[in-house]
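The values are calculated or read from the model by the stated rules, or taken from the named source; none is laboratory data. Quick caveat: nothing in here was measured; it's all calculated off a predicted structure. All Cβ positions, even for glycine, are placed from backbone atoms using ideal geometry, and neighbour counts span all protein chains on display.
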2 protein chains.
Amino acid sequence: MPELRKDPITNSWIIIATERAKRPYDYKLTPDNDSKDVEKCPFCPGNEEMTPPELFSYRYPDNKSKWWVRGFPVLSPLLQIEGDIDQKGFGIYDSMNGIGAHEIIVETPEHNTSFADMNTNQIEKVFWAYRDRIIDLKRDQRFRYILVFKNHGVESGASTIKHSHSQIIALPVTPKKIKEELEGAKFHYKFKERCIFCDVINQEILLDERVIIKSDHFVVIAPWAPRFPFETWILPIKHSHDFTTISKEEIMDLAFVTKSFFRALIKIIGENISYNIILHDTPNLIPHEGYWKTVSKDFHWHIEIIPRLKQIAGFEWGTGFYINHLPPEYAAKELKKILNK
Amino acid sequence: MPELRKDPITNSWIIIATERAKRPYDYKLTPDNDSKDVEKCPFCPGNEEMTPPELFSYRYPDNKSKWWVRGFPVLSPLLQIEGDIDQKGFGIYDSMNGIGAHEIIVETPEHNTSFADMNTNQIEKVFWAYRDRIIDLKRDQRFRYILVFKNHGVESGASTIKHSHSQIIALPVTPKKIKEELEGAKFHYKFKERCIFCDVINQEILLDERVIIKSDHFVVIAPWAPRFPFETWILPIKHSHDFTTISKEEIMDLAFVTKSFFRALIKIIGENISYNIILHDTPNLIPHEGYWKTVSKDFHWHIEIIPRLKQIAGFEWGTGFYINHLPPEYAAKELKKILNK
């Protein structure tokens, strides 16, 4: 059973995931990821029997053997779905058994594609899958947070399976970064009675220095204080704390801006780019008719895109201070140049 | 002039360091570090004219042309030493001009060596240099925090210069990670009236499950909730918040445990290991006779060693939750096996 442990000083949680290592001692200098591709891809159509049983799939109505998107639990999950949460103290230390969910969403039947190349109908289906899985996992009252994320490319910490996929992890605790965003938003609300993300969006649209794309429903920005070169956020313009309430029109728009952004990014950085995509949705805070609700004003869902163009060194680990050589105004200008061509 | 910016939501600072990039647009997929070594090492004896003017050096009393350790400002510093701190708001955003210090300490005249190979007299001199520079920089009341750190090896985010060196950065704000440790320690003190680090040390020594080395003055432990495989902390056993108050006997002991630890680590991981070393010393909080003081109970200085054996992926960026496949009890046991041989 994996184990969650809390650092007694900073209160950050970590997961001790010994089950995933073949031997706990596999720490010679072999990188996590390998640039060579797998021989027989378990995510390709025809190889479905190689994955654990499906949790869902979006299939062609007229040909049920064909699918657009499918999802299943991870073969060696980081957290285990069965069991009750059991929190323990060891003197001053805190520990919790590793209860949670860990799932894969295969985003496309095509082996060699990404958000930059997929058609927007396909990307739309990926976002619907995010929504449907979040709704399903939120029903489980053991979980405090559902994180959807994606690792793309060799530098992203991705697995050897190149076939485009996302991951979902349901956690029994609210993660530190989400808590920080929540606390920042609450503090601002207390002071201004406004959502801080809404204020950011309004200021960005007004100044138009860091806006990369503004569509009917979304704004894509290079944030004011980006930790990484070309770090980018996608935010719904209309206040919404809960990704699962997204409308069909909004999700079509989201697919469109996502594809546009990645096409432009790839033109600047190249096809080999590595990145992480993270969906920051509202945490599950108030139990409400068998479902967890957060108060709307406390959060504003958004997507963070982190291109992996630089390594983190001692200064960043020691301080939590990030060094970025690329002003976000410059990143936005360059991306816009390509988008407006 | 570099610029500090604060994220309005999480209140994390970043540095926009455009001066350091040759062109701001150098973001094609070229890694920060290159495994090939420089041709003429600016840190080797005989090439002293290649570095900016010395801030200090420890030289042979009988032959002033020879040195053990020397320090100087970085050629293209991350922060600029001249000027007054100027904080500005841009609507909801915060910005500060990039005032600070950024220095190099060359740890040894030998080009190809590390803490695992240096003799302990040499390592001792490196720690004395840390102390002397911190004392000097703390006199400058513009600075809130002095961070000493070291990047070693290709995966550590180190520069192309392989010659063993440390860096010092003086910052005009207290970094987030230090604030988190301070807040955790303060919270614990309020509750227990004891230092949390002291409590950790006592519990570790009592249980002896994660202790790697216990010397007269220091304990080297694999922490309870390590973010990374083989993450290791070195803590003074006797409570001390201020590294600069270290005694000669303690610093000799520190040099000894540091060398012992790295020798054992290299035997497990190999000579090519990359790591970061970070000295977490007390922040400068209370102005006191032209010098900044923190209240002693609020902190306990320590060294964090982070071997760079895995990549950070979307899950970690999205949550601040770290996944570690190696239980610290196992890491401590393996290291102790080698140390006791």
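I'd like to know if region A:287-302 contains one or more residues that are within 25 Å of A:E155 (Cβ to Cβ), within 11 Å of chain B (Cβ to nearest Cβ) and within 19 Å of the chain's Cα centre (by Cα).
yes
Counting the residues of region B:320-336 that are crowded, with 22+ Cβ neighbours inside 10 Å and more than 7 Å from every other protein chain (Cβ to nearest Cβ) gives 4. Residue count for region A:48-85 satisfying the condition of being surrounded by 12 or more Cβ atoms within 10 Å (Cβ to Cβ), within 20 Å of A:I146 (Cβ to Cβ) and free of Cβ contacts under 8 Å to residues at least 24 places away in the same chain: 4. Residue check: B:V173 meets all listed conditions (1) more than 9 Å from chain A (Cβ to nearest Cβ); (2) surrounded by 18 or more Cβ atoms within 10 Å (Cβ to Cβ) but one, namely (1). Residues in region A:309-341 that are under 22 Å from the mean Cα position of the chain (by Cα) and either part of a loop (DSSP other than H, G, I, E, B) or among the basic types (K, R) (or both): A:L309, A:K310, A:Q311, A:I312, A:G320, A:F321.
Within region A:122-132, identify whether any single residue is more than 14 Å from chain B (Cβ to nearest Cβ), assigned to a loop (DSSP other than H, G, I, E, B) and aliphatic (A, V, I, L, M), and answer yes or no. Within region A:122-132, not a single residue is more than 14 Å from chain B (Cβ to nearest Cβ), assigned to a loop (DSSP other than H, G, I, E, B) and aliphatic (A, V, I, L, M). In region B:32-90, the qualifying residues are those that are at pLDDT below 90 and among the β-branched types (V, I, T), and the one that is farthest from A:E155 (Cα to Cα) is B:I85. Answer yes if at least one residue in region B:218-233 is touching a residue at least 40 places away in the same chain (Cβ under 8 Å), under 28 Å from B:H325 (Cβ atoms) and basic (K, R), and no otherwise. Yes, region B:218-233 contains a residue that is touching a residue at least 40 places away in the same chain (Cβ under 8 Å), under 28 Å from B:H325 (Cβ atoms) and basic (K, R).
Each row is one residue, and each column tells you yes or no for (1) more than 30 Å from A:I168 (Cα to Cα); (2) without any contact (Cβ under 8 Å) to a residue 40 or more places away in the chain.
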site: B:D298; (1), (2): yes, no
site: B:P307; (1), (2): no, no
site: B:F315; (1), (2): no, yes
site: B:Y322; (1), (2): no, no
site: B:L326; (1), (2): no, no
site: B:Y330; (1), (2): no, yes
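For region A:278-287, the criterion of being surrounded by fewer than 22 Cβ atoms within 10 Å (Cβ to Cβ) and part of a loop (DSSP other than H, G, I, E, B) is met by at least one residue.
Among the residues of region B:206-249, those that are within 12 Å of chain A (Cβ to nearest Cβ) and assigned to a helix (DSSP H, G or I) comprise B:L206, B:L207. For region A:77-102, the candidate set comprises residues that are within 11 Å of another protein chain (Cβ to nearest Cβ) and part of a loop (DSSP other than H, G, I, E, B); within that set, the residue that is nearest to B:I196 (Cα to Cα) is A:I92.
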